[in-house]
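Q: Supplied in structure tokens, the structure appears directly below.
The values are calculated or read from the model by the stated rules, or taken from the named source; none is laboratory data. Computed from a predicted structure; not experimentally measured. All Cβ positions, glycine included, derive from the backbone under ideal geometry; neighbour counts span all protein chains shown. All accessible areas refer to the heavy atoms of the entire protein, side chains included, with ligands and DNA or RNA removed. Shrake-Rupley method; radii C 1.70, N 1.55, O 1.52, S 1.80 Å.
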Amino acid sequence: MSKSSSPAEGEFRTSIGGQALLEGILMRGPEKQAIIVRRPDGGLEEKVEELHLIKERYPILGVPFIRGVVNFMDSMVKGVQALMYSAEFAPEEEEEEPTKLEQWVERRFGSEALSKFIVYFAVVLAVCFSVGLFFLLPTVLTNLLGKLVPMSKLAVSLIEGVVRIAVFLGYLVLCSKMEEMKRVFAYHGAEHKTIFCYERGLELTVENVRNMPRHHPRCGTSFLFVVVALAILVHAVMFTFITPPNVLVRILLQLLSLPVIVGVSYEFNRYAGRHDNALTRFLIAPGLWMQNFTTNEPDDSMIEVGIASLKAVLPEKKGQDAW
């Protein structure tokens with residue numbers, strides 16, 4: 001990375017963030033959310049809506065450490081909804097017959113309920129897949145190894161951590177090699193570049209955005225790495241003092257600790273996003289490096305989508321989106 005991937009001290013840091021979609025970008029501001037998708041005919045499809053956050057009704061859900069878990073789940077739900085929306089504009093393929101479960105839900109509760117069911121079911125599957133792949137699988141593999149080679153509690157935790165990091169890295173590398181994901185990751189790069197351009201006070205033009213770095217310190221990739229890294233540390237300390245009777249209890253304790261780990265990781269990312277010093281640059285470096293796998297350089301048409309999505313969520317009052 002030849003360009004700085006963090007705004008210089010004193011430059012504006014925005015809370016606006018986004019997610020890459022299928023030929024599009026989801027961008028969330030303090031008041032609005034925008035989904036901009038490039039249609040097959042080359043035009044832009046826009047869907048802008050007001051944001052209604054659950055913490056507005058239940059302020060307790062907006063306090064530090066709790067808000068991280070709430071925001072994470074809310075982002076997953078809205079992200080899946082946006083993905084489904086962007087998929088509607090993909091080139092038409094032969095439609096699959098709905099499953100019997102989908103047919104039953106639609107008959108009994110209606111098409112709107114079916115859409116909600118699909119979204120929440122997809123979120124549950126995504127959470128289960130992530131927890132299973134990045135947390136449970138390393139624990140099971142390490143437990144099997146421990147039956148073959150006697151190890152201390154510290155050695156078990158360290159090996160489990162190494163396996164967890166290896167699985168996480170392997171997953172990112174494999175995703176980055178998939179042809180269908182390369183364009184999604186290029187839109188991810190366009191999102192980052194557009195936000196950097198805005199934070200540096202430059203006019204939002206294709207030329208200005210093109211020259212921005214594609215690695216951003218407040219990216220979801222960095223957040224996920226912090227979750228994985230913090231989980232390794234927390235579980236190593238926890239199982240130094242606790243000896244689970246079997247692997248199932250160990251897994252249960254890990255699952256119970258995950259909401260706390262997510263909450264702390266969120267606060268860490270907020271702190272790192274607000275400060276630019278030697279310590280924060282050192283701590284966010286691994287997450288930035290991992291964005292080599294989850295972001296690609298976008299073309300100008302992708303940058304146009306990034307600019308349109310950001311402009312659509314800018315607040316009316318300047319500075320209202322400060323990080």
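Q: Quick one: residue 212 ticks every box in (1) within 20 Å of residue 15 (Cβ to Cβ); (2) of a type in the set (A, V, I, L, M); (3) in contact (Cβ under 8 Å) with a residue 60 or more places away in the chain; (4) assigned to a helix (DSSP H, G or I) except a single one, so which number is it?
A: Exception for residue 212: condition (4).
Q: Name the single residue that is farthest from residue 38 (Cα to Cα) among those in the stretch 312-323 being in contact with a helix residue (DSSP H, G or I) (Cβ under 9 Å, 6 or more places away or on another chain) and open to solvent by 20 Å² or more (accessible area, probe 1.4 Å).
A: Restricting to residues being in contact with a helix residue (DSSP H, G or I) (Cβ under 9 Å, 6 or more places away or on another chain) and open to solvent by 20 Å² or more (accessible area, probe 1.4 Å), the top hit is 323.
Q: Here is a list: 231, 272. Which entry is small (Gly, Ala, Ser) and modelled with pLDDT of 90 or more?
A: None of the other options fit; the residue is 231.
Q: On to the next question. So the check is Cβ under 8 Å with 6+ separation or different chains; which pairs have a first residue in the stretch 35-60 that's under 16 Å from residue 72 (Cα atoms) and a second one that's outside any helix (DSSP H, G or I)?
A: 51/28; 51/29; 51/30; 51/31; 51/32; 51/33
Q: Just one of (1) farther than 20 Å from residue 192 by Cβ; (2) in a helix (DSSP H, G or I) trips up residue 284, so point out which.
A: All conditions pass for residue 284, except number (1).
Q: Turning to a different aspect of this structure: Of everything in the stretch 195-204, what is part of a helix (DSSP H, G or I) and more than 18 Å from residue 28 (Cα to Cα)? Give them in sequence order.
A: none
Q: Still on this model: Determine if the stretch 194-203 includes at least one residue that is more than 15 Å from the chain's Cα centre (by Cα) and aromatic (Phe, Trp, Tyr).
A: Yes, the stretch 194-203 has at least one match.
Q: Could you give me the residue pairs with C-beta distances under 8 Å whose first residue belongs to the stretch 62-78 and is closer than 9 Å to residue 266 by Cα, whose second residue is of a type in the set (S, T, N, Q) wherever it lies, and which are 6+ apart or on separate chains?
A: 68/265
Q: How many residues does the stretch 147-165 hold that are without any contact (Cβ under 8 Å) to a residue 12 or more places away in the chain and within 30 Å of the chain's Cα centre (by Cα)?
A: Matching residues across the stretch 147-165 total 1.
Q: Shifting gears a bit: Would you check which residues across the stretch 49-68 are open to solvent by 50 Å² or more (accessible area, probe 1.4 Å), under 24 Å from residue 309 (Cβ atoms) and at pLDDT below 85 and list them?
A: Within the stretch 49-68, 52, 54, 55, 56 qualify.
Q: Same structure again: On the given criteria, is residue 207 over 30 Å from residue 152 (Cβ atoms), open to solvent by less than 30 Å² (accessible area, probe 1.4 Å) and part of a helix (DSSP H, G or I)?
A: no
Q: What's the total number of residues in the stretch 253-293 that are open to solvent by less than 10 Å² (accessible area, probe 1.4 Å) and of a type in the set (S, T, N, Q)?
A: 4
Q: List every residue pair whose Cβ atoms lie under 8 Å apart, where the two residues are 6 or more positions apart in sequence or sit on different chains, the first residue falls within the stretch 242-265 and is among the basic types (Lys, Arg), and the second residue, located anywhere, is in a loop (DSSP other than H, G, I, E, B).
A: If the second residue must be in a loop (DSSP other than H, G, I, E, B), the pairs left are 250/244.
Q: Is it the case, given these coordinates, that residue 192 is at pLDDT 95 or above and either surrounded by 23 or more Cβ atoms within 10 Å (Cβ to Cβ) or not in a helix (DSSP H, G or I) (or both)?
A: Here the answer is yes, as residue 192 does meet what is asked.
Q: With the requirement that a residue be in contact with a helix residue (DSSP H, G or I) (Cβ under 6 Å, 6 or more places away or on another chain), surrounded by fewer than 22 Cβ atoms within 10 Å (Cβ to Cβ) and assigned to a loop (DSSP other than H, G, I, E, B), what does the stretch 218-252 give you?
A: 244
Q: On the given criteria, is residue 151 open to solvent by 50 Å² or more (accessible area, probe 1.4 Å), modelled with pLDDT of 90 or more and not hydroxyl-bearing (Ser, Thr, Tyr)?
A: no
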